[in-house]
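Presented below is the structure to which this report refers.
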Amino acid sequence: MITIPAHLRSLLMLDAATCLVMGIVLVAGAAVIANLTAIPSVLLFYAGLILFPSAALMAFTATRAISSSLAVWLIIGGNGLWALASLALMFGNWITPNLLGHLLIGSQALIVAVLTGLEHAAWRQGGTPVPT
């Protein structure tokens, strides 16, 4: 079994809590947020839904000894992809958010990127090797 460092456990629980809160906000408020940001409500709704199983995986991983480092790397990689996808939405031509929409997408991408970096550093500090 692999013991997750205490600092990483705290970060994963923070990440899980922010995913849960953001998921609730996006699912419950998709129409209102869409009107304010010019981000399609269907995108907001499904982005919110994706956050629930992500939060569950993070909380599960943070509260147990694990037999493989795969869950931690899945969380770190998933967060990184979320941040990159957010930037692609901002700068691509799939959607046309207004200024508030760009601020929403950009700020959450920045927060996710910071959490990703902190989680990666905490995992590496715990001495766990990178999977090959």
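Please treat every number below as a calculation from the coordinates, not as lab data. All values reported here derive from a predicted model rather than from experimental measurement. Positions of Cβ are backbone-derived with ideal geometry, glycine not excepted, and every protein chain shown enters the neighbour counts.
The table below gives the values:
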{"quantity": "The range 69-94 - residue that is among the polar types (S, T, N, Q) and either assigned to a helix (DSSP H, G or I) or under 11 Å from the mean Cα position of the chain (by Cα) (or both) and, of those, surrounded by the fewest Cβ atoms within 10 Å (Cβ to Cβ)", "calculated": "Ser86"}
{"quantity": "Among (1) surrounded by 20 or more Cβ atoms within 10 Å (Cβ to Cβ); (2) out of contact with any helix residue (DSSP H, G or I) (no Cβ under 6 Å at 6 or more places or on another chain), the one test that Ala6 misses", "calculated": "(1)"}
{"quantity": "The range 99-120, residues that are touching a Phe, Trp or Tyr at 6+ places or on another chain (Cβ under 9 Å), of a type in the set (S, T, N, Q) and closer than 23 Å to Asn35 by Cα", "calculated": "Gln108"}
{"quantity": "Residues satisfying the stated conditions in the range 96-119, i.e. among the aliphatic types (A, V, I, L, M), out of contact with any Ser or Thr (no Cβ under 8 Å at 6 or more places or on another chain) and surrounded by fewer than 15 Cβ atoms within 10 Å (Cβ to Cβ)", "calculated": "Leu99, Leu103, Leu110, Val114"}
{"quantity": "Given (1) touching a helix residue (DSSP H, G or I) at 6+ places or on another chain (Cβ under 8 Å); (2) surrounded by fewer than 17 Cβ atoms within 10 Å (Cβ to Cβ); (3) closer than 19 Å to Val114 by Cβ, index of the condition Thr18 fails", "calculated": "(2)"}
{"quantity": "Residues of the range 41-68 that turn out to be under 13 Å from the mean Cα position of the chain (by Cα) and either in contact (Cβ under 8 Å) with a residue 60 or more places away in the chain or closer than 14 Å to Met13 by Cα (or both), as a count", "calculated": "9"}
